[in-house]
Amino acid sequence: MDFFSLLKLKGFPVNEAKKVLASIPTEGNIAQWQEEKKWDIFKHHLKTNRHYRSLIKGKYEKWEDLPIMNKDILRIESNKYKYDYARKLYVRNTSGSTGKPFTYGLDYLSHTLTWLIIENRYGTLGLSLDDYQARLFGTPISWKERTIEKLKDKLANRYRFDILDLSDKALEKWLNTFRKNKFKYVYGYSFPIVSFANFLKSKNIVLKDICPSLKTVIVTAEMCSPEDEKIISETFGVNIANEYGASEIGIIGFGNSNNWKVSDELLYVEIVDDNDNPVPDGVVGRVICTPLFNKGTPFIRYEVGDLASVIKTKNGKLITNLVGRQEELAILPSGRKAPGDTVFYYVFKEFSNYFNEIQEYRAIQKKRDTFEIQMVTDIKPGEKEINFLKRTTENYLEKGLNIKIKMVDTIERTRLGKFRRFISEV
């Protein structure tokens with residue numbers, strides 16, 4: 001069964017979404033269409049969402065008069081307010097690089113449109129969502145979540161690699177897996193992909209030589225510099241594409257470093273300065289996105305938390321510079337290497353199910369065997385909760401670590417509200 005047939009079975013309006021996408025103008029006409037759509041979706045949320053309505057004060061004669069939203073503002077909406085507009089929502093959650101859990105809703109049509117855009121972009125690479133994927137993503141440790149992910153991988157025709165162990169021994173196993181499988185493409189975080197590329201380089205191996213079916217690599221989530229792209233392309237023996245997005249917004253841009261095609265079909269993207277004023281083409285500023293179809297959470301002029309520059313062309317907008325995050329490596333006493341940010345994302349995802357009071361967190365590796373975990377909470381965790389957190393951390397890393405828990409009032413962050421969830425001082 002193909003991917004979109006599975007979406008239909010889950011209740012997503014695939015046929016309707018295809019008609020909507022086909023009706024969207026292209027090239028020179030899309031700017032005027034976006035102008036109308038952004039006001040339509042704003043008026044929808046203004047009418048149907050009480051919390052959003054309470055934020056709109058005074059007159060709004062032009063688009064720039066509307067307030068810029070962020071997770072902190074919308075978190076109140078998701079926790080305390082109900083929609084006046086009855087609809088079925090696809091509810092998800094993320095902490096992103098802010099370290100704060102955030103629950104949000106996407107309506108089924110907009111979520112389906114996101115998948116159609118992804119398929120469109122993959123099509124430019126000669127790929128389909130049904131092609132066999134080597135997926136370099138994290139894997140939950142809890143039996144329930146791991147089982148769910150395995151089922152999803154099976155249905156989506158993908159093989160998931162364990163990226164929480166990046167030791168040479170583990171990467172040798174990856175190499176053997178590529179020898180035995182006819183993967184069409186690699187998809188995953190840039191950090192483990194670059195780690196694997198460096199491993200291949202040390203072995204003087206080109207991955208396509210041992211996996212001839214491989215056509216391309218798609219990196220996502222973290223920054224992938226032109227230097228990273230070069231070593232990936234050389235050691236994998238295929239072209240590389242870069243996917244830039246946010247889980248709550250979808251695909252923002254797709255292409256290569258300094259040349260991402262913006263998803264103008266689904267998003268209105270703005271770049272503003274520190275005073276919320278639009279910046280000229282090519283000037284770096286804060287990325288502000290408005291999904292044009294989502295009738296779930298009111299992401300109207302929503303600040304993603306990245307810095308970028310955009311230029312306008314006759315075929316739409318291009319992101320020409322992107323400033324995001326890069327992940328650090330945790331090196332353990334055993335010699336095992338693990339992507340620190342990803343590890344602690346899963347640690348706190350599991351811990352939050354046990355102790356749902358976490359506002360923010362950060363992990364700092366002081367020595368190879370010593371980690372300091374900083375937390376901001378309204379209610380201080382007890383000994384039972386602390387022991388659970390320590391056990392969970394060891395489960396994802398390794399046994400015998402010295403784990404110190406430190407309660408703090410705040411965690412230092414950038415002017416965009418981001419911070420590094422993991423820092424290595426080793």
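Any read-out appearing in this document is the output of simple, stated calculations on the displayed coordinates, not a laboratory observation. No experiment lies behind these values; they were computed from the predicted model shown. Ideal geometry is used to build each Cβ from the backbone, glycine not excepted, and the neighbour counts take in all protein chains shown.
Taking a Cβ cut-off of under 11 Å around GLU265, the surrounding Lys, Arg, Asp and Glu residues balance to a net charge of +2, with basic ones at +1 and acidic ones at -1. Taking all Cα pairs closer than 8 Å and separated by 6 or more residues, the relative contact order of region 248-317 comes to 28 percent.
Could you tell me the calculated FRET efficiency between GLU234 and ILE423, based on Cβ-Cβ distance and R0 = 30 angstrom, to the nearest 0.05? Don't jump to the answer; show the numbers that get you there.
Values: r = 30 Å, r/R0 = 1.01.
Result of the calculation: an efficiency of 0.50.
Once a ≥ b ≥ c are taken as the square roots of the eigenvalues of the Cα gyration tensor of region 197-322, is the result rounded (a/c under 1.5), prolate (a/b larger than b/c) or oblate (a/b not larger than b/c)? Judged from the Cα gyration tensor, region 197-322 comes out prolate (a/c at least 1.5, a/b above b/c).
Under 1.5 on a/c is rounded, so check that first for region 3-323, then, if it is not, pick prolate when a/b is larger than b/c and oblate when it is not; a ≥ b ≥ c are the square roots of the alpha carbon gyration tensor eigenvalues. Prolate, since a/c reaches 1.5 and a/b exceeds b/c. Considering amide H positions built from the backbone, and no H for Pro or chain starts, which residues 5 or more places from GLY250, or on another chain, come under 5 Å of its amide H? Under 5 Å from the amide H of GLY250: no residue qualifies.
Using the Cβ-Cβ distance between PHE388 and THR103 with R0 set to 25 Å, the FRET efficiency works out to roughly 0.65. Count Lys and Arg as plus one, Asp and Glu as minus one, and take only other residues whose Cβ is under 15 Å from that of GLY123; the net charge is then -1.
Amide H contacts under 5 Å for ILE405: ILE373, restricted to partners 5 or more places along the chain or on a different chain, H placed in the peptide plane at 1.01 Å from N.
Take every DSSP beta bridge whose two residues both sit in the chain, then give the antiparallel share in percent to the nearest 5. Walk me through the numbers before you get to the answer.
On the way: 47 of 75 bridges.
The antiparallel fraction comes to roughly 65 percent.
Maximal additional length on extending the ILE205-LYS182 stretch stands at 6.6 nm, based on 0.36 nm per residue less the C-alpha distance.
The overall shape of region 329-424, judged from the alpha-carbon gyration tensor, is oblate: a/c is not under 1.5, and a/b is no greater than b/c.
Relative contact order for region 329-424 using alpha-carbon pairs under 8 Å, separation at least 6, rounded to a whole percent?
Numbers: 135 pairs, mean separation 33.3, N = 96.
Taking the mean separation of contacting Cα pairs over the length of region 329-424, I get 35 percent.
Assuming charge only on the beta carbon of Lys and Arg (+1) and of Asp and Glu (-1), the dipole of region 3-323 about its Cα centre is about 1360 debye to the nearest 20.
Here the Karplus relation 6.51 cos²θ - 1.76 cosθ + 1.60, evaluated at θ = phi - 60°, turns the backbone of region 55-63 into coupling constants of 8, 8, 10, x, 8, 10, 6, 9, 4 Hz, with x for every Gly and Pro. Could you tell me what percent of the DSSP beta bridges with both partners in region 329-424 are antiparallel, to the nearest 5? Once the DSSP bridges in region 329-424 are tallied, antiparallel ones form about 55 percent. For the chain, relative contact order (Cα pairs under 8 Å, six or more residues apart, normalised by length) works out to 16 percent. Fewest-first ordering of ARG421, ARG362, ARG135 by other beta carbons within 10 Å of each residue's beta carbon gives ARG135, ARG362, ARG421.
PHE3 sits among other residues whose Cβ lies under 15 Å from its own Cβ, and their net charge, with Lys and Arg +1 and Asp and Glu -1, is +4. Checked against a 30 Å cut-off, the cross-linked pairs LYS37/LYS314; LYS71/LYS261; LYS230/LYS404; LYS71/LYS230; LYS47/LYS71; LYS230/LYS399 give Cα-Cα distances beyond that limit for LYS230/LYS404; LYS71/LYS230; LYS230/LYS399. Packing around the peptides 293-301, 176-184, taken as the average count of other Cβ atoms within 10 Å per residue, puts them in this order, highest first: 293-301, 176-184. Legend: ranking of residues SER263, SER195 from fewest to most surrounding C-beta atoms inside 10 Å; resulting order SER195, SER263. The simple spin-label model puts a point 7 Å past each Cα toward its Cβ; for SER54 and LYS367 those points are separated by 5.0 nm.
Proximity of backbone amide H atoms, modeled 1.01 Å from N, is registered between ARG301 and THR290 at under 5 Å, excluding neighbours fewer than 5 places apart on the same chain. Using a simple spin-label model with pseudo-atoms 7 Å out from Cα toward Cβ, ILE24 and SER334 lie 4.6 nm apart.
Helix-only mean residue ellipticity at 222 nm, the chain, DSSP H runs n ≥ 4 weighted -39,500 (n - 2.57), per residue, nearest 500. What is it? Each step should come with its number before you reach the end.
On the way: 13 runs with 152 residues, N = 426.
Mean residue ellipticity, 222 nm, calculated: -11000 deg cm²/dmol.
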